[in-house]
Amino acid sequence: MTTPRFQQVWDANPELTRLLRDSATLAAARRAAFDYLNRQEQLFLNHEFDIHALELVTIIECTDVMKQVISERSETVTGHSALRILWRKARGELVEDTVAPGFKEEFRHLFHGIRGQSRLYPEMVAGPPPQLTGRAAARERSRGLDRLGERIDGWIRRYPTGLDPIVARRREHNRRRIAEQFGGSPQEWANHVWQLRHIVRDSATLGRLVKLTPEERSAIDQANDNHIPFGVTPHYVSLMDYNASRLCDHSVRAQVIPTPEYVELMQANRQLGTHSLDFMQEHDTSPVDLVTRRYPGIAILKPYNTCAQVCVYCQRNWEISRPWADDALAPADRLAAAIDWFRSHPYVREVLVTGGDPLVAGTRFIAGLLSRLADIRHIERIRIGSRVPVTLPMRFTRDLADVIARHHEPGRREVCVVTHVQHCYELTPETVAAVQQLRRRGIAVYNQMVFTRENSRRFEAVALRRLLRLAGVDPYYSFNTKGKEETVDFRVPIARLLQEQKEEARLVPGLVRTDEAVFNVPGMGKNYVRAGQHHRVIMIRPDGRRVYEFHPWEKGISLAPTYIDTDVGIWEYLEWLESVGEKPQDYRSIWYYH
Ligand code: SF4
């Protein structure tokens, strides 16, 4: 990508540039800019210019963002002033380049946008020509939709899936090779306890099973030296390709192999005790040990504090000490107190049993826990959060499926499972079989996907959703990656999530795109990001990162504080996309998602 120059910002809107340049003070610049924006908006809304309705929408959106960004309130709230930078730069008072490329690109696009020159629609492809009607028009439109369908298919075909026969065969071979290394038979491989006993916990062992880059090896070593949990089940290792190119298995490796930056930041955060670790502020939302409550009708129960393996960007990475830890079960008295808490809170009708990963615990424990919860009359839904269908699918024995289904009583109480599949390459025939064990017993299975760099390319998440539906899993949430500092090299700008929802997810049938894009706001809970009424861009910082103000879910119900968060930069994200072979041009409308 070519580094933008300020001149391109000025060229995008000479009139606004002149107004900034001619203002003697910052206050005068603000007044002039507001006057200009109001005037422009009125001209466009009053039909002074002949402009397409969609371009008009962009004008209104860009004008609104500009007003937010240059307002005194936003400057006070964020401690930054983009207007001061623009004003001083326009007057030639900032000699050196004090701002990042992303800052210039943001304003270049905004300056174009408020003039109705977004250039989002270079070729004005509309429906059939107006002279066509009836069947002729329908056929023409159908041909257009075929062309679009072909393009979408082309994108999706770029992502191999774990259900492709060729990939399944490769993994069959991996399984034999890895089992041999551990001296395990096919029967042992299919036993989840054998899998747990052979969790790969260091780079030396993993390096014998798949090739590792020096960087991967050193990051794992660093993590182990600093007690940052690391571990991978043999099953999950078999999803990795032997060579370390990350061509197909990038999402699989990235899920469990930390990056050097992650390890470094985790160490720093631990030493400083920053809030980034307990990012969701669970300490402040836990009315009793093992319970977290952020909503009236549902609360979280965390009876088991470990997993079969550890996801690098896990939200609870500050609580989980190691995979399959032997001290992970909550003490009986604390668990009893937590269950009592549910019993004494009749409006909490749903319990999310999570952890850790509760399905890694023993079947007897799970059976006991579920029946104690089912004993509480007002609990109408028990939701189990587990990544075991992906990390340890052999855990879904008939016994376990029976235990889960035992308290599922249609019309009285629902038991369901929410899993976490990140990528279509992660899905395997074993995962599908595990899901089917549940579906056959009437248990619904949902998916929560975290939208990271590893699944954020064009139509990559769509490829996953399509396959999930075919496997019997309903897409449920697409999570933005929050602001946890140590996960910065996984994070994707909110604008990309909005673009994905609008330009990709929207193009598949409704039953495939049942998930909702959300940002999990610390201490508050899930905030829908799709609708503009839930958030606003209020600043663009000198480093090009947007500052968002999120509105709490209580908006319109009760007065609750808003939440301010700085996103990752769009420019840096596009640079990363380019480094993995994408064309930034294919994502060009991203700047117009706010
Ligand atoms: S399975 Fe869930 S709780 Fe466990 S490490 Fe992964 S994200 Fe965290």
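General remarks:
- The chain, helix-only ellipticity at 222 nm - DSSP H runs n ≥ 4, -39,500 (n - 2.57), divided by all residues, nearest 500: -13000 deg cm²/dmol
- The chymotrypsin sites (Phe, Trp or Tyr not before Pro) of segment 1-89 that meet both conditions, a loop assignment by DSSP and at most 15 other Cβ atoms within 10 Å of the site Cβ, are F49.
- In this simple spin-label approximation, T98 and Y295 carry label points 7 Å from Cα along the Cα→Cβ vector, and these lie 4.5 nm apart.
- Test item: Cα-centred dipole of the chain, Lys/Arg +1 and Asp/Glu -1 on Cβ, debye: 1400 debye
- Note on I557 and H47: with the Förster distance fixed at 41 Å, the Cβ-Cβ geometry gives a FRET efficiency of about 0.60.
- Taking all protein chains into account, the per residue accessible area for segment 304-418 stands at 40 Å² (1.4 Å probe).
- Whether segment 133-191 is rounded, prolate or oblate, judged on the alpha carbon gyration tensor where a/c under 1.5 counts as rounded: prolate
- In the context of the full set of protein chains, residues of segment 118-223 present 64 Å² of accessible surface per residue (probe radius 1.4 Å, heavy atoms only).
- Cα gyration tensor, segment 501-594 - rounded (a/c under 1.5), prolate or oblate: oblate
- Solvent-accessible surface of segment 425-468, averaged per residue with a 1.4 angstrom probe and all protein chains in place: 26 square angstrom.
- Residues A27 and R157, FRET efficiency given R0 of 60 Å [Cβ-Cβ distance, rounded to 0.05]: 0.60
- Fraction of alpha-carbon pairs over 46 Å apart in the chain - percent: 21 percent
- Nearest-10 value in Å² for the accessible area of K555, using the 1.4 Å probe: 100 Å²
- Rolling a 1.4 Å probe over the protein heavy atoms of the chain, with every protein chain left in place, gives an accessible area that is 51 percent carbon and sulfur.
- At 1.306 mPa s and 10 °C, Stokes D of segment 327-393 from Kirkwood alpha-carbon radius, µm² per second: 125 µm²/s
- The value obtained for segment 368-439, namely the Cα convex hull volume divided by the number of residues, is 87 Å³ per residue.
- Note on Q131 and V580: with the Förster distance fixed at 45 Å, the Cβ-Cβ geometry gives a FRET efficiency of about 0.50.
- Approximating the spin labels as points 7 Å out from Cα along Cα→Cβ, the D402-to-F182 distance works out to 2.6 nm.
- Accessible-area ranking of H173, H227, largest first, probe 1.4 Å: H227, H173
- For the pair A531 and I166, label points projected 7 Å from Cα toward Cβ lie 4.5 nm apart.
- Ligands, DNA and RNA aside, D146 has an accessible area near 100 Å² when probed at 1.4 Å.
- Anisotropy class of segment 91-183 from Cα gyration tensor, a/c 1.5 cut: oblate
- Accessible area ranking (1.4 Å probe, heavy atoms, ligands and nucleic acids excluded), largest first, for C424, C307: C307, C424.
- Segment L120-L247, length gained on full extension (0.36 nm per residue, minus Cα span): 42.6 nm
The values are calculated or read from the model by the stated rules, or taken from the named source; none is laboratory data. Since we're looking at a predicted model, the values are computed, not measured. Note: ideal-geometry Cβ built from the backbone for every residue, glycine included; neighbour counts use all protein chains shown. Keep in mind that these areas ignore ligands, DNA and RNA; they rest on the heavy atoms of the full protein, side chains included. Shrake-Rupley method; radii C 1.70, N 1.55, O 1.52, S 1.80 Å.
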